[in-house]
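J.: Got a structure for you, written out below as structure tokens; questions coming shortly.
The values are calculated or read from the model by the stated rules, or taken from the named source; none is laboratory data. Only a predicted model underlies this, so the values are computations on that prediction, with no experimental measurement involved. Quick reminder, even Gly has a Cβ in these numbers, built from the backbone with ideal geometry, and neighbours come from all protein chains shown.
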Amino acid sequence: MTLQDKVAIVTGAGGGLGRSHALFLARHGARVVVMDLGEGADAVAREVEAAGGQAMAVRASVTDEAQVATMVKDVMAQWGRIDILINNAGILRDKTFAKMDLADFRLVMDVHLMGSVICTKAVWDIMREQNHGRIVMTTSSSGLFGNFGQANYGAAKMALVGFMQTLSLEGAKHDIKVNCLAPTAATQMTEGLMPEQALAALKTEAVSEGLLALVRDDAPTRAILCAGAGHFERAYVTLTPGAFVGAGPQAAEGVIASWDAISDRSADTVPEAGRAQGQQELQAAFAAAAVGKG
Ligand SMILES: NC(=O)c1ccc[n+]([C@@H]2O[C@H](COP(=O)([O-])OP(=O)(O)OC[C@H]3O[C@@H](n4cnc5c(N)ncnc54)[C@H](O)[C@@H]3O)[C@@H](O)[C@H]2O)c1
């Protein structure tokens with residue numbers, strides 16, 4: 001089994017996608033920590049065991065640093081390692097931005113972004129010392145592409161992409177691979193949002209199947225895997241080659257006049273790190289200066 005001897009933590013695993021992720025990872029041999037706020041954690045841990053797997057139920061909140069630290073300590077005491085962290089816990093507080101209050105905005109940021117940060121921080125040094133770690137952030141099409149009524153949720157979900165981009169760079173030397181999963185699935189979160197027929201096709205299990213590629217030994221890093229109904233895509237943050245318009249006072253008009261060239265995606269790249277943007281800009285500026293246009 002691909003994940004034999006691995007230990008995985010799945011947050012928000014008391015139902016929905018987290019439950020399905022926990023059962024999936026256990027089926028592939030991992031010992032699974034089923035973490036959620038309430039008794040759902042115990043029920044799913046029993047399900048994992050009934051299916052022949054090993055599970056530990058933890059009732060905790062991803063936003064509570066002390067509870068997360070206790071969970072990690074208990075897992076290390078019982079199983080001695082942590083290989084996989086699936087940051088899956090989440091909530092919705094949908095409203096148009098006009099009607100959204102800041103307390104709800106902060107709450108959603110707190111659970112999705114800070115919850116993932118707190119859990120990741122708690123396992124980071126362990127994974128560095130093991131020279132092995134696989135972390136999955138759960139992002140969303142709402143963050144990647146926007147969704148009416150989900151400004152708070154979308155901001156939090158896109159923040160996780162930024163978190164993943166840098167962690168994948170910092171974790172590389174310790175074989176810590178960090179990826180994002182953008183699911184579409186019928187859960188209590190999406191109940192009533194889609195027609196019955198669509199919900200029937202959007203099984204959580206179909207999303208979980210995508211996890212193995214992201215957590216196995218040969219996993220990629222910095223990937224955004226989109227998954228729903230058995231179909232898989234990848235999303236990228238890209239950069240156009242752009243256009244040099246100069247840095248002087250006429251540049252503002254130049255940006256407007258060159259909008260189509262700046263926007264041209266035919267030679268897009270996926271930069272390996274943020275510095276690629278600055279390098280591209282300087283290269284264009286120096287090239288223009290060399291021919292006397294700078
Ligand atoms: N279902 C979809 O189509 C969809 C689409 C995009 C992203 N997502 C994301 O997938 C993840 C799972 O969502 P789901 O659809 O299974 O929803 P869900 O509501 O069924 O599951 C979320 C789980 O997270 C738990 N949770 C909430 N706050 C928590 C906290 N502070 N600490 C620990 N656990 C907490 C809940 O108790 C629940 O069991 C979420 O991050 C969600 O944003 C889902």
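J.: Out of the residues in the stretch 9-30 meeting the condition of being outside any helix (DSSP H, G or I) and crowded, with 24+ Cβ neighbours inside 10 Å, tell me which one is nearest to the ligand (Cβ to nearest atom). Reasoning before the result, please.
T.: Filtering the stretch 9-30 down to residues outside any helix (DSSP H, G or I) leaves 9-15, 28-30.
The next check asks that each one be crowded, with 24+ Cβ neighbours inside 10 Å; those that pass are 9-14, 30.
Working: ILE9: 11, VAL10: 10, THR11: 5, GLY12: 3, ALA13: 7, GLY14: 4, ALA30: 19 Å.
By that ranking, first place goes to GLY12.
J.: Further question on the same structure: For the stretch 212-225, which residues satisfy the criterion of being in contact (Cβ under 8 Å) with a residue 60 or more places away in the chain, in contact with a strand residue (DSSP E or B) (Cβ under 7 Å, 6 or more places away or on another chain) and not in a loop (DSSP other than H, G, I, E, B)?
T.: Scanning the stretch 212-225 gives LEU214, VAL215, ILE224.
J.: Quick one: which residue in ASN131, ASN179 is more than 29 Å from ALA98 (Cβ to Cβ), touching a His at 6+ places or on another chain (Cβ under 7 Å) and in the same structural domain as ALA206 (by TED's automatic domain parsing)?
T.: When all the criteria are applied, what remains is ASN131.
J.: OK, next. Cβ-Cβ distance below 9 Å, separation of 6 or more or different chains: which pairs start in the stretch 239-256 with a residue that is closer than 22 Å to ARG275 by Cβ and end on one that is assigned to a loop (DSSP other than H, G, I, E, B) and modelled with pLDDT under 95?
T.: Cβ pairs passing all conditions: PHE244/LYS293; PHE244/GLY294; ALA247/GLY294.
J.: All but one of (1) among the aliphatic types (A, V, I, L, M); (2) crowded, with 18+ Cβ neighbours inside 10 Å; (3) more than 16 Å from the ligand (Cβ to nearest atom) hold for ALA51; which doesn't?
T.: Evaluating ALA51 over (1) among the aliphatic types (A, V, I, L, M); (2) crowded, with 18+ Cβ neighbours inside 10 Å; (3) more than 16 Å from the ligand (Cβ to nearest atom) leaves (2) as the failure.
J.: Do you know which residues across the stretch 101-113 are more than 8 Å from the ligand (Cβ to nearest atom) and either among the β-branched types (Val, Ile, Thr) or out of contact with any helix residue (DSSP H, G or I) (no Cβ under 9 Å at 6 or more places or on another chain) (or both)?
T.: Residues satisfying the conditions are ASP101, LEU102, ALA103, VAL108.
J.: Kindly indicate which of ALA267, ALA235, ALA252, ALA257 is of a type in the set (A, V, I, L, M), at pLDDT 95 or above and within 24 Å of the chain's Cα centre (by Cα).
T.: Result of the check over ALA267, ALA235, ALA252, ALA257: ALA235.
J.: Could you identify the single residue in ASP83, ASP74 that is surrounded by 17 or more Cβ atoms within 10 Å (Cβ to Cβ) and among the charged types (D, E, K, R)?
T.: From the options ASP83, ASP74, the qualifying one is ASP83.
J.: The conditions are (1) assigned to a strand (DSSP E or B); (2) touching a residue at least 60 places away in the same chain (Cβ under 8 Å), and VAL58 fails exactly one of them. Which is it?
T.: (2)
J.: Related question: How do the pairs read when you match residues in the stretch 78-95 that are assigned by TED's automatic domain parsing to the domain that holds ARG31 with residues anywhere that are of a type in the set (D, E, K, R) and within 13 Å of the ligand (Cβ to nearest atom), using Cβ under 8 Å and keeping only pairs 6 or more apart or on different chains?
T.: Hits for this filter: ALA89/ASP36.
J.: Of everything in the stretch 73-100, what is more than 14 Å from the ligand (Cβ to nearest atom) and not in a loop (DSSP other than H, G, I, E, B)? Give them in sequence order.
T.: Within the stretch 73-100, LYS73, ASP74, VAL75, MET76, ALA77, GLN78, TRP79, ILE84, LYS95 meet the criteria.
J.: For the stretch 121-137, how many residues meet the condition of being in a helix (DSSP H, G or I) and away from the ligand (no atom under 14 Å from the Cβ)?
T.: Initial filter on the stretch 121-137 (in a helix (DSSP H, G or I)): 121-130.
This time we only want the ones that are away from the ligand (no atom under 14 Å from the Cβ), so: 121, 123-130.
Residues flagged as in a helix (DSSP H, G or I) and away from the ligand (no atom under 14 Å from the Cβ) within the stretch 121-137 amount to 9.
J.: Look at ALA45 and say whether it is assigned to a strand (DSSP E or B) and more than 22 Å from the chain's Cα centre (by Cα).
T.: no
J.: Going through ALA273, ALA243 one at a time, which residue ends up being in a loop (DSSP other than H, G, I, E, B), exposed (fewer than 13 other Cβ atoms within 10 Å of the Cβ), of a type in the set (A, V, I, L, M) and away from the ligand (no atom under 16 Å from the Cβ)? Give the steps one after another, and end with the answer.
T.: Working: ALA243 fails: exposed (fewer than 13 other Cβ atoms within 10 Å of the Cβ).
Being in a loop (DSSP other than H, G, I, E, B), exposed (fewer than 13 other Cβ atoms within 10 Å of the Cβ), of a type in the set (A, V, I, L, M) and away from the ligand (no atom under 16 Å from the Cβ) holds for just one of ALA273, ALA243, which is ALA273.
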